[in-house]
Amino acid sequence: MKHNSIRIKVNLKFNPYEVVIGNDYLNEIGNELSRLGIKPGTKILVISNPDVAGPYSDLFIKNLKESGYQAELLVIEAGEDQKNQSSINLIHNAAYELKLERSSVMIALGGGVIGDMTGFAAATWLRGIPFVQVPTTLLAMVDASIGGKTGINHPKGKNLIGAFHQPKVVIIDPKTLQTLPNREFKAGLAEIIKYGVIGDKKLFETLEAANEIKTLELLGKDLLIDIIRRSANSKALIVKQDEYEGGLRAILNYGHTFGHVIETLTGYGVWIHGEAVSLGMIAIGELALQKKLWTSEDNKRQKDLLYKAGLPIHWPKLKTKEVLNSLQSDKKVKNGHVRFIVPTSIGEVKISTEITNSDIENCLSTLNAHSNQ
């Protein structure tokens, strides 16, 4: 290999793979596929979006072709509102035109939305073909690209249609973050802060101690690599223990239960995913405080760090009844009870099905009062 890399193993029983982190690693795509035993001549469909395809797709496709692969590019619109059946049809139509076979490969070159859609298209084409994740946003690097969750949205709820389909490899090139809009960068920080709250207290404290974190430049290269590595490793360890979200893996949804409600009720794209997760963490933090499950000090530390990251911390105006209805359509509802991931301290959470509608109404009342201040 020409470049240094960090390799994190996702040690699943049947579909183990690596998360590879390295600067300039977009240029190593051919070598990585060769390592996996994907033979020259294999047909490859690369799916990207305009913002990513512009600066990166030419070199990416060139590298694949120089490595002997039959590579073609499909550019589709990204954004949460595009994560639907129409987009999947575009990918399947391209797969048909290119005559993709069971040995062919789909590659997601983009953020979490492109990764979710490409993975789902790969899971459902010919009952499942290999795919590779090449995330280009911070959020996708530390969360969405790892773990095999793929899917699209239903008009009534987020990610209700999908499949577990593990990638063959996840390739992270932090240099792609240089072209990422700052709003998207900050959204990725929400997922990183999440890892701190659910199980990596040191990561949380590292971010607290940093002078500035709300831009790529202020964060710095060394800290960037460290937080990507720590977050990816946290995700890999949890996925290894619970591939299909039967138990422990649910803690990765910390902040997401309320976050998905915000995305659904306000319209996909008004709040981007990481912003909605930040607001979801604020909400569940307040609920945990009211239930005396964690301290006001820990609640304040979480809120302060989210604010430091430039993320929203004021709950949007939503009707309580609509919030309660939306919560009931969440994927994590079990026997009519919403499973909340509740913080008990910085670095520890628990899964609870004991939160009542009355608890939620009290929490929303407090959040609404704070948002008016």
Taking into account only those residues within the range 276-300 that are farther than 16 Å from GLU208 by Cβ and of a type in the set (D, E, K, R), which is surrounded by the most Cβ atoms within 10 Å (Cβ to Cβ)? GLU286
Go through (1) farther than 25 Å from GLY147 by Cβ; (2) in a strand (DSSP E or B) for MET106 and report which single condition fails. (1)
With respect to the numbered conditions (1) free of Cβ contacts under 8 Å to residues at least 60 places away in the same chain; (2) more than 25 Å from LEU216 (Cβ to Cβ), which one is the sole condition not fulfilled by PRO130? (1)
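For (1) closer than 21 Å to LEU160 by Cα; (2) in a helix (DSSP H, G or I), each residue gets a yes or a no:
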position	(1), (2)
LYS240	no, yes
GLU243	yes, no
LEU252	yes, yes
THR257	yes, yes
VAL261	yes, yes
VAL277	yes, yes
GLY280	yes, yes
GLY285	no, yes
LEU305	no, yes
In the range 348-373, which residues are in contact with an Asp or Glu (Cβ under 9 Å, 6 or more places away or on another chain) and among the polar types (S, T, N, Q)? THR366
When restricted to LEU305, LEU324, the only residue surrounded by 15 or more Cβ atoms within 10 Å (Cβ to Cβ), at pLDDT 95 or above, among the hydrophobic types (A, V, I, L, M, F, W, C) and out of contact with any Pro (no Cβ under 8 Å at 6 or more places or on another chain) is LEU305
Identity of the residue in the range 70-79, surrounded by 19 or more Cβ atoms within 10 Å (Cβ to Cβ) and assigned to a loop (DSSP other than H, G, I, E, B), that ends up modelled with the highest pLDDT: ILE76
On the basis of being closer than 17 Å to GLU348 by Cα, within 14 Å of the chain's Cα centre (by Cα) and not assigned by TED's automatic domain parsing to the domain that holds ALA53, does LEU252 make the cut? yes
Restricting the range 327-358 to residues that are modelled with pLDDT of 95 or more and among the charged types (D, E, K, R), the residue that is farthest from ARG249 (Cα to Cα): GLU348
Quick check: anything in the range 287-303 without any contact (Cβ under 8 Å) to a residue 40 or more places away in the chain, in contact with a helix residue (DSSP H, G or I) (Cβ under 9 Å, 6 or more places away or on another chain) and in a loop (DSSP other than H, G, I, E, B)? no
Scan of the range 350-372 for residues that are in a loop (DSSP other than H, G, I, E, B) and either within 18 Å of MET281 (Cβ to Cβ) or among the basic types (Lys, Arg) (or both), ordered by number: ILE355
With the checklist (1) surrounded by 13 or more Cβ atoms within 10 Å (Cβ to Cβ); (2) in contact with a strand residue (DSSP E or B) (Cβ under 9 Å, 6 or more places away or on another chain); (3) closer than 25 Å to GLY41 by Cα in hand, flag the one item SER67 doesn't pass. (2)
Residues LEU100, LEU90: which one is in the same structural domain as GLY162 (by TED's automatic domain parsing) and either touching a residue at least 40 places away in the same chain (Cβ under 8 Å) or within 18 Å of ILE38 (Cα to Cα) (or both)? LEU100
Checked against (1) touching a Pro at 6+ places or on another chain (Cβ under 6 Å); (2) closer than 18 Å to ASP330 by Cβ, GLY247 satisfies every condition except (1)
So which residues in the range 121-163 are closer than 20 Å to TYR96 by Cα, in contact with a Lys or Arg (Cβ under 9 Å, 6 or more places away or on another chain) and either of a type in the set (Lys, Arg) or buried (at least 24 other Cβ atoms within 10 Å of the Cβ) (or both), if there are any at all? ARG127, PHE131, VAL132
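The values are calculated or read from the model by the stated rules, or taken from the named source; none is laboratory data. Just so it is clear, the structure is predicted and the values come from calculations on it, not from any experiment. Every residue, glycine among them, receives a Cβ derived from its backbone with ideal geometry; neighbour counts consider all protein chains shown.
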